[in-house]
Amino acid sequence: MARKRIGELLLERGVITVQQLEEGLSYHRSSRQRLGVALVQKGFVNEEQLSRALSEALAISEVSLKSQTPDWSAVHLLRARFCESNDLFPFALENSKARKQVMVAMADPLNLPAIEEIEFTTGFKVSPRIAPLSQIRAAILRYYYKVNPDDAPAGKMTVIQPGGVSRVVDTDTKPQEAEEEVIVGVELPPGEVTERTALADLIKKREQQRAQRRGQRSGKGMEAVSKDMDYLFGMGGDESVEKLERKFWALMRIMARKGLITKEEFLNELDEGE
């Protein structure tokens, strides 16, 4: 992907002038809005022109979130706060030849730190699509906060908290000052298999295999382990060993479900392959 900035791309394609870019940059710095948003708010370009220019310059397809029914498996991958902070919305999962990808609608497809963070935390490759900012924010309202965008006051949104309690938050609050939101949406279908759940199942299987082998060990071997545990941690006995192992495997499953460890890392670094 090209590493040019949005302003440079729009300038090269004649969508804005040098003076408009300078004014947009000044407003961008003072308002702390993204440059594309700043240019739209200044009236130098509309959302359709911005999306079209970026799509043509970067060879990235556009997507209309108005006509898309999001895949909840994709929506649940990211938190609302992260989506708001980076003006993006995950709307689908697709299978490629190499690995599963998450399709993300972005107002700024050059936001590489956001793309890298998504890939790191989910374990999925990001397939970006360009969408108007208003559509992205409307999708966040509708699918994360269960609010009809047409009913939301300008600059405000109602957040539904656990227990059905609602509160109104200021959408103009800077992302770093906003409180953590709770995703409210349709739960994933029971038994749905993803890369994360498959890895968690593999870890569970390895745990059961190790437990069976542990039960076949001789008493003499366990006595040696017990002495080592007593020396290192001030505890001893088969029960203490089993308790630590259960905690270890539980931690591995949690890391797998959160996308903090990949199958390759587990097999190469932690699994003995027995």
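Data for the structure
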item: Charge context of P132, other residues only, Cβ under 14 angstrom, K/R +1, D/E -1; result: 0
item: Of K205/K243; K66/K146; K146/K247; K125/K243; K243/K263; K100/K205, pairs whose Cα-Cα distance is over 27 Å; result: K146/K247; K125/K243
item: Nearest-0.05 FRET efficiency for N268 and E12, computed from C-beta distance (R0 41 Å); result: 0.40
item: Residues D150 and E23, FRET efficiency given R0 of 30 Å [Cβ-Cβ distance, rounded to 0.05]; result: 0.40
item: Sorted peptide list for 83-89, 64-70, criterion being average Cβ within 10 angstrom, highest first; result: 83-89, 64-70
item: Debye log10 I(q)/I(0) at q = 0.34 Å⁻¹ for the stretch 6-50, Cα point scatterers; result: -1.38
item: Residues with amide H under 5 Å from that of A107, placed H, sequence gap 5 or more; result: A131
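FYI, it's all coordinate maths here, none of it is from the lab. In this text, all values refer to a predicted model and were calculated from it rather than measured experimentally. Cβ sites come from the backbone with ideal geometry, for glycine too, and all protein chains shown count toward neighbours.
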